[in-house]
Structure formats: structure tokens, C-alpha cells
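The values are calculated or read from the model by the stated rules, or taken from the named source; none is laboratory data. Computed from a predicted structure; not experimentally measured. Using ideal geometry, Cβ is built from the backbone for each residue, glycine included, and neighbour counts are taken over all protein chains shown. All accessible areas refer to the heavy atoms of the entire protein, side chains included, with ligands and DNA or RNA removed. Shrake-Rupley method; radii C 1.70, N 1.55, O 1.52, S 1.80 Å.
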Amino acid sequence: MSTTSRHQHEAQRGIVLAATIMAAWLAVHIGAIFFWRWSIVTAPLALPVIVVQAWLSTGLFIIAHDCMHGSLAPGRPRLTRVVGTLCLGAYAGLSYAALRPKHHAHHAAPGTASDPDFHAAAPKRALPWFVSFFRNYYTHGQILRITVAAIAYMLLGASLLNIVVFWAIPALLALAQLFVFGTYLPHRHDEQPFVDAHNARSSTLRPILSLMTCFHFGAYHHEHHLSPATPWWRLPALRQETPARR
């Protein structure tokens, strides 16, 4: 297979994976918010639905993240922008236009005071770092967009309880997942120094656990900084191809 054909195949695979995650998230979102009926039988089932939707919400963010790096559909910036905007909006009313420059600022100076994802005042402490992370990314505009969507949902017959349980809670859990596995653990300072100026570390989680925790951006975070244009699903293969750069 030629290099061009391989790149086309990888782009197609990335788009199919993104479409699958987006469709699964939308199916759970609509089904749970509009059709869930609470009872003694259904109440215990809510927790696994929340967990699955939190993971899929993390997936939406990771798709948008690939869009920010142009790796979802190389050479198709309009499609990339549309998909990234839809994913962040659906996930939690976030603005793709606002987050994209912040993420590139993170890659320009990772783990430094100029990094919007880093908390230089507490490079080892998770809680103050998380508070700083939350404040940096969650805005009044986002809250307004979510409020408008929630009102529209209720006008269409959804209950506020279902909106909170099956949208707000999964989004917050995804935020915690993205922070812990995709930001704090890879970039925190500890006794072991970073191997290079990327100030990022990977872990030894097995691929299935890496996929479950943060779509490979935790366990393969250093690889991501070495090759930001590599899509999330290719990061395990990237490590195998460049074992000396772990």
C-alpha cells in the first residue's frame, strides 16, 4: 500500500470511528433524556448508563481534540471545524473556536506558566490544579448555551431530572476523567524528571485500559506530544513504531 493510500485509509477509519462514537453518544443522550422513565426497576440501571455516557462524552472531547490538530480529516479543514464544533457543543456547550488556540498554547509550552492546562502554583496537587483547569475552560457563555438547550429540551417534554442525570453528570465525570488521565497524571511534577521539554509522561496501562480511561491520551501522552498529528486510535501503534521514544 502506498503512503497516500495508507493516509487515505487511516483518515477514513478515523472518520468512521468518530461517527460511531458520536452516534452512540447521541443515541444514549436522546434515549435517556427523552424516553427514560424512573421506577424501582430502572433506577439501578441509571448508573451504568451514566458511566457509559461519561466515557462517550470523553470520546466527543477527544474527537474534537483530533480536530484541533487536523488529524481527523487531514486536508479537510471545514469538515474538521464542523465536527469539532459539534462534538464540543454536544459534550458540554463548549466553544471550539475558544478552545483550539488554548490547546495549541498548551503544546507550545507544556508544563510551564504559559501553559493554560498547567497550574504552575501547584504542579503536584490535584485539587487546586483541577479548580484552575475548570475555571480556565468553563465560561458564562457555555453555561448560557447549556441553559438554553435544557429549556428547549423541557419544552419538548424532557424532565429536568433526566437532563441533569444523563447529560450534566456524565459531562462532569468526563471532565474529571480528562483532567486526571489526560492532564494531571501526564504533566504533574514528581521525583522522576521529565525526559524532554514536552514535560509529559506516558504510563504502562494496557491498551484496553488506556482506551477506557481517556481514549489513549493518558497512557500514551508523551507519544501524543511527540506526534500531535497522530489520531487517538493510532497512539498504541505509534509507540510500537518508535519504542526508543517512550
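Placing +1 on the Cβ of every Lys and Arg and -1 on the Cβ of every Asp and Glu, with nothing else charged, gives the chain a dipole about its Cα centre of roughly 220 debye.
Protection proxy ranking for 103-112, 191-200, 51-60, using the average of other Cβ atoms within 10 Å per residue and placing the highest first: 51-60, 103-112, 191-200. Here the Debye sum runs over all C-alpha atoms of segment 169-246 as equal scatterers in vacuum, and log10 of I(q)/I(0) at q = 0.23 Å⁻¹ comes out as -1.08. Please state, as a whole number in µm²/s, the translational diffusion coefficient that the Stokes-Einstein equation yields for the chain at 4 °C and 1.567 mPa s, with Rh defined as the Kirkwood radius across alpha carbon pairs. Translational diffusion coefficient: 68 µm²/s. Once both labels are positioned 7 Å from their Cα atoms along Cα-to-Cβ, the gap between F35 and R145 label points is 2.7 nm.
In plain terms, the chain from V180 to A197 could stretch by 4.0 nm, reckoned as 0.36 nm per residue minus the Cα-Cα distance.
For segment 128-225, the fraction of alpha-carbon pairs lying more than 19 Å apart is 56 percent, rounded to a whole number.
Centre-to-centre separation between the Cα atoms of segment 170-230 and those of segment 17-68: 22 Å. Computing FRET efficiency as 1/(1 + (r/R0)^6) for R135 and V16, where r is the C-beta to C-beta distance and R0 is 41 Å, gives about 0.70. Apolar share of the accessible surface for the chain: 68 percent from carbon plus sulfur atoms, 1.4 Å probe. Please check which bits of segment 67-84 a label hung off Q8 would reach, taking the label as a point 7 Å along Cα-to-C-beta and the cut-off as backbone N under 17 Å. From segment 67-84, the list is 73-76. Averaged over residues, the count of other Cβ atoms within 10 Å places the peptides 89-101, 213-225, 143-155, 12-24 in the sequence 213-225, 89-101, 12-24, 143-155, highest first.
For segment 70-168, a Kirkwood radius taken over Cα pairs fed into Stokes-Einstein (10 °C, viscosity 1.306 mPa s) yields D = 101 µm²/s.
In segment 9-66, the inverse of the mean reciprocal separation of distinct Cα atoms equals 12.6 Å; this is its Kirkwood hydrodynamic radius.
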